[in-house]
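One structure is given here, and the rest of the page talks about it.
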Amino acid sequence: MKAAVLHDFKQPLTIEEVERPKLHDDDVLIKVEACGVCHSDLHVADGDWTQLAGIVKKPVILGHEIAGSVVEKGAAVKNLQIGDRVGVPWLHWSCGECEFCREGNENLCVKQKITGVTVDGGFAEFVKAPASHATKIPENLSFVEAAPLFCAGVTVYRAIKHAKISRGQRLAVFGIGGLGHIAVQIGRALGAEITAIDISDEKLALAKSLGASNTLNAASTDVVKALRGKGGVHVALVASAATAAYDQAFYCLRPTGTLLAVGLPARDICFPPIMMAAGEVRIQASAVGTRQDLTEILAMAAAGEVRCLTATRPLAQANQVLDELRHGRVPGRVVLTCP
């Protein structure tokens, strides 16, 4: 089968023929119809995350926003059938037995396997996955529509869900890219008053069309002054990988506000403890999501409450897409397709 393979950090992926995955009894083989390209794929490819560098399987096939059809299944698989439409997320497998799994936080499983990091992912014609962790896709969602929800969608959904934002509260979304434009829609569905912040007027126009009440261009506006002038925001979700976005978001919070760390800069971020204490602000992160979170965001999409802006490109253009991500030229999500 054809696959886009990472052999070493900071090197282009190579499009090459590799062996089709062999199944264990509890696996399914999936014909990949669509695979979103996430900023995390870029961080892995560039070796940005030193904490993860030691666990990246090399060579590795990237891609963890996978949607396709089951074409083969292991002898022990009962919950899926040939032809089922399924997706595979970042969380490739969790043990179900550790403390975090038992608490309902399987996304923090201490033994977890990560799609496109510790096991091969979906930048390929086929991928294998444990049948227990392949999630069915609603019939009224296309593969291309569904694929980005398996990371971008579930990540912002879990973050906002845990922030417990309620109708009428003020939500600021920093960075209207693959994650941010979905966050705007989830906030709208929950009845929040949304302000979108970016440095691109085109992306801000997109946010407005998706339900943002207000937009601010951070390149020409004092975002902190503008938001604090309205009392600050209850929740600031940073979907950008820019440290400057975090610096702004922190100071936009009202007392008791929550900063949601979703975008992942290559460098560490820092907040002043005295300001955290003075406002009793909360810093909260979100590690992708669980299978339950996935089911819920897929249901929202199937109900028409969320849609991901997508553009499709062939698998052979994986390197070009990663380069476009490096330079911030992707307004929504690029989805690789396999002919």
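A short reminder: the numbers here are calculations on the coordinates, not readings from a lab. Just so it is clear, the structure is predicted and the values come from calculations on it, not from any experiment. Glycine gets a Cβ as well: all are built from the backbone with ideal geometry, and neighbour counts include every protein chain shown.
Here are a few things to note about the model shown:
- Among residues other than His181 with Cβ under 13 Å from its Cβ, the summed charge is +3 (Lys and Arg +1, Asp and Glu -1).
- Most mobile of Asn217, Asn105, Asn79 in a GNM of the chain (Cα contacts under 10 Å): Asn79
- Under 15 Å, Cβ to Cβ, from Gly289 - net charge with Lys/Arg +1 and Asp/Glu -1: -2
- Among the DSSP helices (H) of the chain, those spanning at least 15 angstrom by Cα along their long axis with an average Kyte-Doolittle hydropathy of 0.0 or more are 152-163, 291-302; this is a geometric and hydropathy rule only.
- Under the criterion of Cα pairs below 8 Å and six or more residues apart, the relative contact order for the range 229-297 equals 31 percent.
- One equal scatterer on each Cα of the chain, no solvent, Debye formula: the resulting log10 I(q)/I(0) at q = 0.10 Å⁻¹ is -0.56.
- Prolate/oblate/rounded call for the range 155-285, Cα gyration tensor, a/c under 1.5 rounded: rounded
- GNM remark for the chain: springs join alpha carbons under 10 Å apart, and the peak mean-square fluctuation among Val233, Val71, Val18 falls on Val18.
- Antiparallel %, DSSP beta bridges [both residues in the chain], to 5: 50
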